[in-house]
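Input: a single structure, listed below in structure tokens.
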Amino acid sequence: MSEAKTTTFIDEICAIPGGEDIKVCIQCGTCTASCPNADRMDYSPSHLIAMARAGMREEVLSANSMWLCLSCYLCVVRCPRDIKITRLMHVLESLSARAGLNSKRTTTPVMYKGFNKYIANTGRISELWMMVGYYFRTSLFKAIGMLPVALSLFTHRRVSLKLDKMSPESIKQLQTIIAKAESSGGDK
């Protein structure tokens, strides 16, 4: 009789390309010292890695830390173990989105989901309409505060009211690509 193997949080992370490096971290703290956003994060990069290795799945995936990663690669360049911490942060974003454990302290997941949904439906990005959708989902009061910026962009022809779309055939091809990426570990 064989026993069913329990999947640990580390196994879950390592199963997604970019997550496997978490096992070789030596907790030196270089990533945290290099991170320009570490002071805004719920947990610094090295702390987040330690928590993930300790199996603190809900705490890690509910944190704002990975969503505040700037992808500046300072941590990657300076890591003595050559860990691609930026890729690891994207893995944690993906797991957080799948689990629905997004942090209440950042609206970045709303932006990501809106961007991906917009691309999947139209094949292109209309900054104006994507941002309208974002502010409707996050804060109408902030949208009102952004009206002067929007008007300035519009009057300087930096943003358009036009809603561009790719051809239906091209959108189907794009949706096929997205479905393939999702099946290999990516998220919408």
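The values are calculated or read from the model by the stated rules, or taken from the named source; none is laboratory data. Computed from a predicted structure; not experimentally measured. Positions of Cβ are generated from backbone atoms using ideal geometry, with glycine treated the same way; all protein chains shown enter the neighbour counts.
Do we find a residue being of a type in the set (A, V, I, L, M) and under 17 Å from the mean Cα position of the chain (by Cα) anywhere in the range 112-126? Yes. Among the criteria (1) in contact (Cβ under 8 Å) with a residue 40 or more places away in the chain; (2) not assigned by TED's automatic domain parsing to the domain that holds GLU59, the one ARG137 does not fulfil is (1).
Scanning the range 138-164 for residues that are basic (Lys, Arg) and under 24 Å from PRO109 (Cα atoms) gives a single hit, LYS142. Are any of the residues in the range 116-124 closer than 19 Å to ARG98 by Cβ and of a type in the set (A, V, I, L, M)? Within the range 116-124, one or more residues are closer than 19 Å to ARG98 by Cβ and of a type in the set (A, V, I, L, M).
For the range 1-59, which fully contained helices (runs of 4 or more DSSP H) count at least 3 residues that are crowded, with 19+ Cβ neighbours inside 10 Å and not small (Gly, Ala, Ser)?
It comes to 30-34, 45-53.
Exactly one residue out of ARG87, ARG78, ARG98 is closer than 19 Å to GLN27 by Cα and touching a residue at least 60 places away in the same chain (Cβ under 8 Å), and it is ARG87.
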